[in-house]
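Below is one structure, written out as structure tokens, with a few remarks after it.
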Amino acid sequence: MKKIGEVKDGLINRYRSKIRERAITQAKVKIALSQKPFEDFTEDEIEIVVRAEEDNVKTNLKQSAAVALLIALGLS
């Protein structure tokens, strides 16, 4: 039987990887829409764009959760 800590770590890692995947997808779109070809970006610049998109994804998730909570409290 798994320990609670292992289960928690597994959930956190899965959550982080989904956020990262979504951020990479959004970063690809952002880079594609820029005037600069993808090849001109350094790895550091790409990582900066992905990190910024990760922050955006996290912020959006937090806002959505807060709104859902407020709606649930208001409806009950």
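Where a number appears in this text, it was derived from the coordinates with a stated rule and is not lab data. Computed from a prediction, not measured in an experiment: that's the story for all the values here. Here Cβ is always computed from backbone atoms with ideal geometry, including for glycine, and neighbour counts include all displayed protein chains.
Right, Lys3: surrounded by 10 or more Cβ atoms within 10 Å (Cβ to Cβ) and not aliphatic (A, V, I, L, M) or not?
Numbers: surrounded by 10 or more Cβ atoms within 10 Å (Cβ to Cβ): no; not aliphatic (A, V, I, L, M): yes.
Against the criterion (surrounded by 10 or more Cβ atoms within 10 Å (Cβ to Cβ) and not aliphatic (A, V, I, L, M)), Lys3 does not qualify.
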Cβ pairs under 8 Å, 6+ apart or interchain, first in the stretch 41-61 and farther than 13 Å from Ala27 by Cβ, second part of a helix (DSSP H, G or I), ordered by first then second residue, are Lys58/Ile19; Leu61/Ile19
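Within the stretch 31-50, which residues are in a helix (DSSP H, G or I) and exposed (fewer than 13 other Cβ atoms within 10 Å of the Cβ)?
Correct list: Ala32, Leu33, Phe38, Glu39, Asp40, Glu43, Asp44, Glu45, Glu47.
If I go through the stretch 1-43 residue by residue, how many of them are among the aliphatic types (A, V, I, L, M) and within 11 Å of the chain's Cα centre (by Cα)?
Looking only at the stretch 1-43, we keep the residues that are among the aliphatic types (A, V, I, L, M), and these are 1, 4, 7, 11-12, 19, 23-24, 27, 29, 31-33.
If we keep only those that are within 11 Å of the chain's Cα centre (by Cα) too, we end up with 19, 23-24, 27.
Final tally of qualifying residues: 4.
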